[in-house]
Every structure is written in C-alpha cells, then in structure tokens.
1. So what's the angle, to the nearest 10 degrees on a 0 to 90 scale, between helix 133-148 and the longest Cα principal axis of the chain?
2. Enumerate by residue number the chymotrypsin sites (Phe, Trp or Tyr not before Pro) in the stretch 358-445 meeting two conditions: DSSP loop (anything except H, G, I, E, B), and at most 16 other Cβ atoms within 10 Å of the site's Cβ.
3. Structure shown: which of 47/119; 6/66; 6/53; 49/130; 66/119 lie over 25 Å apart, alpha-carbon to alpha-carbon?
4. Using +1 on the beta carbon of Lys and Arg, -1 on that of Asp and Glu, and nothing else charged, what's the dipole of the chain about the Cα centre, debye to 20?
5. Which one, 308, 186, 50, is farthest towards the positive end of the dipole of the chain when Lys and Arg carry +1 and Asp and Glu -1 on their Cβ?
6. Can you tell me how the stretch 1-99 classifies by the Cα gyration tensor, rounded, prolate or oblate, using a/c under 1.5 as the rounded cut?
7. Pick from 231, 152, 392: which residue has the top mean-square fluctuation in a GNM of the chain where Cα pairs under 10 Å get a spring?
8. To the nearest 10 degrees, how steep is helix 265-279 against the longest Cα principal axis of the chain, on a 0 to 90 scale?
Amino acid sequence: MGNQVKVHAEVVSLLRDANNYGDDTKQIDIITSHGSMVFLGRSDVYKIKLPVKYPYMNFSTLKKRKVACEREFHINYPRAPSIYIGVKPITKEPAGNLAIDGSGEPIEWAVHMRRFPEKDILKNLTESSKFDDGLAANLGNVIADYHNQLPPCSSIDGTSRVSIIIDEILSFSRACSQDLLCSEFQNFSIRAHQMLDQIEPLLDQRAKSGLIRRCHGDLHLNNIVLIDEVPTLFDALEFDEQLATVDVIYDFAFLLMDLIHVGLKSKANIVFNSYLNRAFPLTIPSGFRILPLFLGLRAAIRSMVNIQSITQNPSKGSQLEGEAGRYISEANLYLEPAIPTLVAVGGFSGTGKSTLAAALASEIGCTPGAVVIRSDIERKNLWDVDENDPLPSKAYRPSARTEIYSLMLEKAEAILTQGHSVILDAAFLEACDRRTAKLLAALSD
C-alpha cells in the first residue's frame, strides 16, 4: 500500500507539471472526483483512475486501471471523436524519471483527450441564456437518437437489478454517519421497494422487449458538452458493464433529475417531451409508470456519491453534505403519488396554443410535468415528415383530421393509464373532438 501511494504521488507530480505538456501550457487545472483525477493542459488532457476500491468500483490494481482507461476510450470515442485521442502509459524510464508514453515500464495509465472550453459543458450553461428552449429540445433529440441506435440486451432481468440498487441504498443508510440523512435514506429505501413490487411486471416486460441496453450510465449535465453547437455525450460509465446496462428510461432519468436539481424544471420538461417525440416506442406504455422510481434512484445515488466524495475533498465536506441532503430529500419527493390530469388547449392557428401548452406542462402532474401531444407533430409523424418540413396538402383533408385526433386521444389514454398527465395541443374546432377529450378527462379522474 505504501509503495502504491508513493507511485500515485509521483504520477500526480508528473501530470501537474506544465513542462510535460508541449503546447505552450503555462498552468495545469486539476479536477478530482471519487474515482479519478483529470489534468487539463492548454490543449491536452490526461485522466487517471485513482487507486481506490468501493463496493461498486474497483481501481485497486494497475491492471484494473488500465482496463478501465481502455474501456473509457472505446465506449466514448464513437460519440465524441473530437474529444478522445487514446490511452497512454505513464512509464518509469531507465534513468528513474517518469514520462508520458515513454519507453519504460508502465506504472500508470491515462486517457488522453483534447481540451474543450469548460464554459460549453451543459452544467456551466445552466445559468446562461444559451441554455434556451431550442437547446433543450435538441438535447432531447440527441439522447433519443442515441438510445434508439443501441442494441437491445433482451436476456437480462429487469427487476433484480433495480432491487439490488435499492438494497445498496438501504445498506448505505445503515452505515451513514449522518443521522438525519440516514433516516431519509431508510425512508426512501422502504418506499422504493414498495413501488418496485407494484411495477415489477412492467420492468420484466420491458427487459424482454429489448429496452435494457448498454447505455451511457452517467448521463448528467457535467458529462454533456456543446461541440459545434451539438450536445455531445462524453465520460460514459466505464468501470462496470452491469451498472451501465440498464433500461433506457433509467439512463434518461439521470439527466432529467439533474436538470430539476439545478432549478431547470421547465427545461427538463422540454427535454422530456422532445425525447418522447423521437423515442415514443421506448416509453409506451410502461415508461411513465417507472419514471418516478428511476428519478428517485438517481437522486438517492447522487446523494450517496456526495457523501463518499467528502473523503477525497474534506475541505468541501459541509457543502457536499448539504448537497447530499438536498438530493435525498428530492429522491423521496419523486415517490410521492400524483393524480394524472388531462388538459386540452384549443384555438385557431397562431393564437398561442403551443406557447401556452409549453408554459403549463412543467407545472402539471408528476415530475417532470405533463406530456404535450401536439397535433402538428402527430400529423408529421403520421406522414413521416421532419418537424421542420412542410406537409402535403392531402395531410389536411377532413379524413386526415379525424385520424390525427383519434391518434392523439389514443396516445393520451395510454399515458394517463400509466399515471402521467397530458396536455393536448390542437385546434379542437369541432365540438365532437372537444366532447371526446372531455370524456377522456373524466375517465382519468
């Protein structure tokens, strides 16, 4: 152990020395987490794994750290080739000095990346006007496209993995030294198991349907950056294939939870609705029913990570403990029951229906708010036309109008049945359409 500590200290000393970066680097910025250290030069970045061992993460040997670095590169490069360069050894040279990618014996491994402007990380844009509704909608599209192209893992059980996560949270609560947080963790674990018992058949059915996939696994605002104005995913979970092989809604829930945590509830609703429009088959009918539990689990795990990070960042102990308290409180709130509501917004074209629907959506029903079903979008989906492209004139025939309203109401009923609220955004100029929507709203009460 003593030798490992000495070697780690030497590696850190090497990587924090700006003279080892041949690109006019004057200063090295360092980011430390509970599992890694990142050294940022002017254009080159090196990320090493810390020699730590947690129940869910084991980087305790050089071989394990090498495998983790290689895995991190291979799973991230396809989505972010402008960021990831390769994996480099930190070597002990014959003269006794250390070198980056030298000819000597490797004593550590590092992921080599290109630096990007940190201001373009989505977490750093949350208080900027750049994080507008358009970016939120684009973000939902990007995540949906990513999930759609992942291969299914249909042989995996859907319930047991979620049960294991809840049990780990309960186990953590018993070892947690903070009494108040311990109580909240225990309360969450009990309620989460109760909810799991109710949705177990849905989780297993989703698994059989291929909705468990090898996902990003760590999909929060600090792991998405704007590259050429496109939200780009990086830093996917690399240390445990089982932790990253999850229901796509569990993967997506992390991002939604993170947006809500930083106060962007309305943006979370836009991301949510954009994702649904692009990946509706991935969510209906069961995705809405399981989302509250998944949001709660993501918040509870984030709380755990904050507490565990105190060991590596003792000077931030009070701040980390405060954040942990916020996260576990939010986790419990996600499990609160909510009555599904149907709202119909109608009127002539150009009267602001969609603006009103979007403004209402984040405030209706359970988090992250209501699903907005727009006749314009449904009509374009039916005709397989991109959202920004014009429709043929025959798409507006009376028979087509009837079909669109039928599809909207059918979709709304499926969502309401799963306990989630819906806003219908359409003209509703015909009395028969208004009556049908009113009847559906009555049935959902």
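1. 80
2. 383
3. Over 25 Å Cα-Cα: 49/130; 66/119.
4. Roughly 160 debye for the chain.
5. Selected residue: 50.
6. Judged from the Cα gyration tensor, the stretch 1-99 comes out oblate (a/c at least 1.5, b/c at or above a/b).
7. The residue with the greatest mean-square fluctuation here is 392.
8. 80
Every number here is computed from the coordinates shown, using simple stated rules; none is lab data. In this text the structure is predicted, and so the values were computed from the model without any measurement. Cβ: placed from backbone, ideal geometry, glycine included. Neighbour counts: every protein chain shown.
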